[in-house]
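Asker: Quick one: the structure is below, questions incoming.
The values are calculated or read from the model by the stated rules, or taken from the named source; none is laboratory data. Predicted, not measured: the structure shown is a model, and the values here were computed from it. Cβ: placed from backbone, ideal geometry, glycine included. Neighbour counts: every protein chain shown.
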Amino acid sequence: MVNLGVSIGNLKFKNPVITASGTFGNGSEFDDFIDVSRLGGIILKGTTMEPREGNPYPRMAETPSGMLNAVGLQNKGIDFFEKNIYPVVSQYDTNVIVNINGSFIEDYIALAARINNLEKIHAIELNISCPNVKMGGMAFGTNPVSAREVIKAVRAVYSKTLIVKLSPNVTDIVDFARISEEEGADSISLINTLLGMAVNLKSMKPSLSTITGGLSGPAVKPVALRMVWQAAKAVKIPVIGIGGIMSADDAIEFILAGASAIQVGTASFIDPQVSIRILEGIGLYLSGRGFTDIKEITGLLSR
Amino acid sequence: MAKRMEDFTVKANRRLNNDLFVLELTGNNYLPALKPGQFLQVKVEGSPSTFLRRPVSIHDVDYDQNTIHLLIQIAGKGTEALSGIKEGEKLNIIYPLGNSFSLPAENARTLLVGGGCGVAPLLFLGKYLKSKGYKPEILLGFRNSDRIIEYDEYSSIGPVYLTTEDGSKGEKGFVTDHPVLMERRFDHICCCGPEPMMKAVAGYCSRNEIHCEVSLEHLMACGFGVCLCCVVNTVKGNLCTCTDGPVFNTKELKW
């Protein structure tokens, strides 16, 4: 029996497989396909103080080995979340994490303070890396000064596990990894989507209503892996690897590169059972090679 | 209704014309009760540039044979790869997805309006309504007489009115030019086809105070309400075509 348990801050995860925000709804959309409680954790769709309509259609374009999205944080706001989503996700026997967003620092603070009171929400993923909103989002996560400011402010009001989700759209990911650690984050997750675009040759217009959007899927995996490796070497807090993970093999690459846990994102759109398959595949890989604990291979590349 | 992900076997792949084909699929499990308007997400193999599944509406269901029929138009590399699939090969399907056309009121004079490949869900809908005792009539529009598909199938459901853009068969023009819409009063119209056609039909229904439902085709990544990519702007805000639709009452749409 292989021990797949990992710790992020004070929070124990039964295994390292977490589903990425925006690709897993509130979990219940997957109940027909998998037992959600088998996962290490689920990260819920990006949530804001006020409801948001998101960006106009079209919001998605298929690209080679991936897709662009420009959803723009469509969500029904924290009041709706508390009333309607929280009671549902509380039923899962897994770590439930809320991805929080805002246009201003005050939004992040207010949201973190609200969620701090929700007993069954085990952690926050602080999203300072959404590329699809006009204000906030990636603007926080690509400027070292504002990144530091927002992490510090949220840390001050949030006492549980705080994960900062980093943007890859920066010159040096290590700067932002270090800032997160210095300001008391328990973990960093990376990467959010890479800014990209596509053009529709039929209409001779951009494929997305917002012109640019976030690229995800296997196309971004080598970039993500490189950034996870760089970040993991630079900080002591655990790193959660995200970016184009479609299989257990992909996940293990991230773990070898230094990720303590991984997030499955876009892959769930194509195969709603893939997260469980990845979980089983990691166990098989480890037991097949005679390991008894996943931590034996975490960051093996840089040891 | 619980959603499933299952492998289906291709029983037949029938070419209707240059770019339309019908796949007949059968599964290892008995089909659940399916509803007209629902769709499925097909995984495409053998096309490296096709990353996402392709949403396809249910064209016909044969519970005796345990088969689902899909009418697909070759629109890009994904559907092109699907067009080459052979009898006996497998396709991975997520289904059933989406809502369905609503049942008309009792004795409602019902018309199904379709154009081009948009006729796809109407065959299943027509057969379904007929089996429930309704007497739907059908108005179909095509570019020209060569493009007309499955006329006999629709004729077995009820009267079929036909238009072609070049007048090579039926009335000349678009579906909204067909005199039946002037001469007859319908109470309930279900429509699927190119967006300009659906908008024209919705306009006709709005002017004449007729209940109108359309089935929308939007780009989507997941098909089960997670990615929020396939939204349509409605009086209730942005709704997902995949879970709140694909069938919408046109009164709700802001398009």
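Asker: Among the numbered criteria (1) under 20 Å from B:T234 (Cβ atoms); (2) of a type outside the set (V, I, T); (3) assigned by TED's automatic domain parsing to the domain that holds B:E137, which one does B:M220 miss?
Answerer: Just one mismatch for B:M220, condition (3).
Yes/no per residue for (1) over 18 Å from the mean Cα position of the chain (by Cα); (2) at pLDDT 95 or above; (3) among the basic types (K, R); (4) at positive phi:
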site: B:C117; (1), (2), (3), (4): no, no, no, no
site: B:R147; (1), (2), (3), (4): no, no, yes, no
site: B:T164; (1), (2), (3), (4): yes, yes, no, no
site: B:C190; (1), (2), (3), (4): no, yes, no, no
site: B:K199; (1), (2), (3), (4): no, yes, yes, no
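Asker: Now, a different point. Just wondering, is there one or more residues in the range A:267-287 that are within 14 Å of chain B (Cβ to nearest Cβ), among the β-branched types (V, I, T) and closer than 23 Å to A:P64 by Cα? Working first, answer last.
Answerer: Filtering the range A:267-287 for residues within 14 Å of chain B (Cβ to nearest Cβ) gives A:267-277.
Next cut, among the β-branched types (V, I, T) only: A:270, A:274, A:276.
Subset that is closer than 23 Å to A:P64 by Cα: A:270, A:274.
Yes - at least one qualifying residue is present in the range A:267-287.
Asker: Here's a follow-up. Report yes if some residue within the range B:130-148 is in contact with a Cys (Cβ under 9 Å, 6 or more places away or on another chain), more than 18 Å from B:P196 (Cα to Cα) and not assigned by TED's automatic domain parsing to the domain that holds B:G245; otherwise report no.
Answerer: yes
Asker: Failed condition for A:S21, given (1) hydroxyl-bearing (S, T, Y); (2) in contact with a Ser or Thr (Cβ under 8 Å, 6 or more places away or on another chain); (3) closer than 20 Å to A:N127 by Cα, with all others met?
Answerer: Result: A:S21 fails condition (2) only.
Asker: If the Cβ limit is 6 Å and pairs must be 6+ apart or interchain, which residue in the range A:272-299 that is under 20 Å from A:W229 (Cβ atoms) pairs with which residue that is of a type outside the set (A, V, I, L, M, F, W, C) and not in a loop (DSSP other than H, G, I, E, B)?
Answerer: A:T298/A:S260
Asker: If A:N15 passes every condition in (1) within 27 Å of A:I237 (Cα to Cα); (2) within 14 Å of chain B (Cβ to nearest Cβ); (3) part of a loop (DSSP other than H, G, I, E, B) but one, which one does it miss?
Answerer: Unmet for A:N15, out of (1) within 27 Å of A:I237 (Cα to Cα); (2) within 14 Å of chain B (Cβ to nearest Cβ); (3) part of a loop (DSSP other than H, G, I, E, B): (2).
Results for (1) touching a Leu at 6+ places or on another chain (Cβ under 7 Å); (2) within 15 Å of B:E153 (Cα to Cα), shown as yes or no for each residue.
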{"site": "B:G88", "(1), (2)": "no, no"}
{"site": "B:P96", "(1), (2)": "yes, no"}
{"site": "B:A105", "(1), (2)": "no, no"}
{"site": "B:T110", "(1), (2)": "yes, no"}
{"site": "B:P121", "(1), (2)": "no, yes"}
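Asker: Give the residue that is nearest to the chain's Cα centre (by Cα), with candidates limited to residues of the range A:19-56 that are among the charged types (D, E, K, R) and either within 10 Å of another protein chain (Cβ to nearest Cβ) or assigned to a strand (DSSP E or B) (or both). It would help to see each step written out before you state the result.
Answerer: Taking the range A:19-56 first, the residues among the charged types (D, E, K, R) are A:29, A:31-32, A:35, A:38, A:45, A:50, A:52-53.
Retained after the next criterion (residues that are either within 10 Å of another protein chain (Cβ to nearest Cβ) or assigned to a strand (DSSP E or B) (or both)): A:29, A:31-32, A:45, A:52-53.
Working: A:E29: 18, A:D31: 20, A:D32: 23, A:K45: 10, A:R52: 20, A:E53: 21 Å.
Among them, the one singled out is A:K45.
Asker: Out of all the residues in the range A:131-148, which are of a type outside the set (K, R) and touching a helix residue (DSSP H, G or I) at 6+ places or on another chain (Cβ under 6 Å)? If you could, list the steps in order and put the result at the bottom.
Answerer: So the first thing to find is which residues in the range A:131-148 are of a type outside the set (K, R), and the list is A:131-133, A:135-147.
Listed by number, the residues that qualify are A:P131, A:F140, A:G141, A:P144, A:S146, A:A147.
Asker: Is it the case that the range A:172-182 has a residue that's closer than 20 Å to A:Q263 by Cβ, part of a strand (DSSP E or B) and under 18 Å from the mean Cα position of the chain (by Cα)?
Answerer: Checked the range A:172-182: no residue is closer than 20 Å to A:Q263 by Cβ, part of a strand (DSSP E or B) and under 18 Å from the mean Cα position of the chain (by Cα).
Asker: Only one of these is at pLDDT 95 or above, basic (K, R) and either buried (at least 20 other Cβ atoms within 10 Å of the Cβ) or assigned to a loop (DSSP other than H, G, I, E, B) (or both): B:K11, B:K35. Name it. Reasoning before the result, please.
Answerer: Values: B:K11 fails: either buried (at least 20 other Cβ atoms within 10 Å of the Cβ) or assigned to a loop (DSSP other than H, G, I, E, B) (or both).
Selected residue: B:K35, the only one of B:K11, B:K35 that is at pLDDT 95 or above, basic (K, R) and either buried (at least 20 other Cβ atoms within 10 Å of the Cβ) or assigned to a loop (DSSP other than H, G, I, E, B) (or both).
Asker: Restricting to the range B:51-77, name every residue that is surrounded by fewer than 20 Cβ atoms within 10 Å (Cβ to Cβ) and within 14 Å of chain A (Cβ to nearest Cβ).
Answerer: Answer for the range B:51-77, where residues must be surrounded by fewer than 20 Cβ atoms within 10 Å (Cβ to Cβ) and within 14 Å of chain A (Cβ to nearest Cβ): B:A75, B:G76, B:K77.
Asker: Which condition breaks for A:V164 when tested against (1) of a type outside the set (D, E); (2) closer than 24 Å to A:G213 by Cβ; (3) surrounded by fewer than 17 Cβ atoms within 10 Å (Cβ to Cβ); (4) at pLDDT 95 or above?
Answerer: (3)
Asker: A further question follows. For the range B:137-248, which fully contained helices (runs of 4 or more DSSP H) count at least 2 residues that are buried (at least 19 other Cβ atoms within 10 Å of the Cβ) and not hydroxyl-bearing (S, T, Y)? Steps first, please.
Answerer: On the way: elements: B:151-155, B:180-183, B:195-207.
Fully inside the range B:137-248 and qualifying: B:195-207.
Asker: Please go through the range A:76-102 and pick out each residue that is outside any helix (DSSP H, G or I) and in contact (Cβ under 8 Å) with a residue 40 or more places away in the chain. Quick ask: steps written out before the conclusion?
Answerer: Taking the range A:76-102 and keeping what is outside any helix (DSSP H, G or I), we get A:76, A:90-102.
Across the range A:76-102, the qualifying residues are A:Y92, A:D93, A:T94, A:N95, A:V96, A:I97, A:V98, A:N99, A:I100, A:N101, A:G102.
Asker: Answer with yes or no whether B:D60 is under 18 Å from the mean Cα position of the chain (by Cα), of a type in the set (D, E, K, R) and not in a helix (DSSP H, G or I). Explain how you work it out, then say what you get.
Answerer: On the way: under 18 Å from the mean Cα position of the chain (by Cα): yes; of a type in the set (D, E, K, R): yes; not in a helix (DSSP H, G or I): yes.
Taking the combined requirement at face value, the residue satisfies it.
Asker: Related question: Quick test of your reading of the structure: A:L284 fulfils all but one of (1) in a helix (DSSP H, G or I); (2) of a type outside the set (D, E, K, R); (3) under 30 Å from B:L97 (Cα atoms). Name the failing condition by number.
Answerer: (3)
Asker: Output the residues belonging to the range A:212-235 that are farther than 17 Å from A:I255 by Cβ and either more than 14 Å from chain B (Cβ to nearest Cβ) or buried (at least 23 other Cβ atoms within 10 Å of the Cβ) (or both).
Answerer: Of all residues in the range A:212-235, those farther than 17 Å from A:I255 by Cβ come to A:212-220, A:223, A:234.
A:T212, A:G213, A:G214, A:L215, A:S216, A:G217, A:V220, A:V223, A:A234 - these are the residues of the range A:212-235 that are farther than 17 Å from A:I255 by Cβ and either more than 14 Å from chain B (Cβ to nearest Cβ) or buried (at least 23 other Cβ atoms within 10 Å of the Cβ) (or both).
Asker: I'm checking my understanding of the structure. Among residues of the range A:268-285 that are among the aliphatic types (A, V, I, L, M) and under 24 Å from the mean Cα position of the chain (by Cα), which one is surrounded by the most Cβ atoms within 10 Å (Cβ to Cβ)? Write out each step before concluding.
Answerer: Initially, the range A:268-285 is screened for residues among the aliphatic types (A, V, I, L, M), giving A:270, A:274, A:276, A:278-279, A:282, A:284.
If we keep only those that are under 24 Å from the mean Cα position of the chain (by Cα) too, we end up with A:270, A:274, A:276, A:278-279, A:282.
Details: A:I270: 21, A:V274: 23, A:I276: 19, A:I278: 26, A:L279: 22, A:I282: 23.
Of everything passing the filter in the range A:268-285, A:I278 is surrounded by the most Cβ atoms within 10 Å (Cβ to Cβ).
Asker: Looking at A:V6, A:V89, A:V96, A:V17, which is the one that is over 30 Å from A:F291 (Cα atoms), surrounded by 20 or more Cβ atoms within 10 Å (Cβ to Cβ) and not hydroxyl-bearing (S, T, Y)? Before the answer, list the steps.
Answerer: Working: A:V6 fails: over 30 Å from A:F291 (Cα atoms); A:V96 fails: over 30 Å from A:F291 (Cα atoms); A:V17 fails: over 30 Å from A:F291 (Cα atoms).
Sole residue among the options that is over 30 Å from A:F291 (Cα atoms), surrounded by 20 or more Cβ atoms within 10 Å (Cβ to Cβ) and not hydroxyl-bearing (S, T, Y): A:V89.
Asker: Tell me which residues, restricted to the range A:57-73, are more than 7 Å from every other protein chain (Cβ to nearest Cβ) and part of a loop (DSSP other than H, G, I, E, B).
Answerer: Residues of the range A:57-73 more than 7 Å from every other protein chain (Cβ to nearest Cβ): A:61, A:63, A:68, A:70, A:72-73.
Once the filter is applied, which keeps residues that are more than 7 Å from every other protein chain (Cβ to nearest Cβ) and part of a loop (DSSP other than H, G, I, E, B), the range A:57-73 yields A:A70, A:G72, A:L73.
Asker: Looking only at the range A:207-262, how many residues end up being over 14 Å from the mean Cα position of the chain (by Cα), farther than 19 Å from A:N132 by Cα and in a loop (DSSP other than H, G, I, E, B)?
Answerer: Looking only at that region, the number is 6.
Asker: Let me ask something else. Return yes or no: is A:S287 of a type in the set (S, T, N, Q), under 24 Å from A:N26 (Cα atoms) and at pLDDT 95 or above?
Answerer: In short, no.
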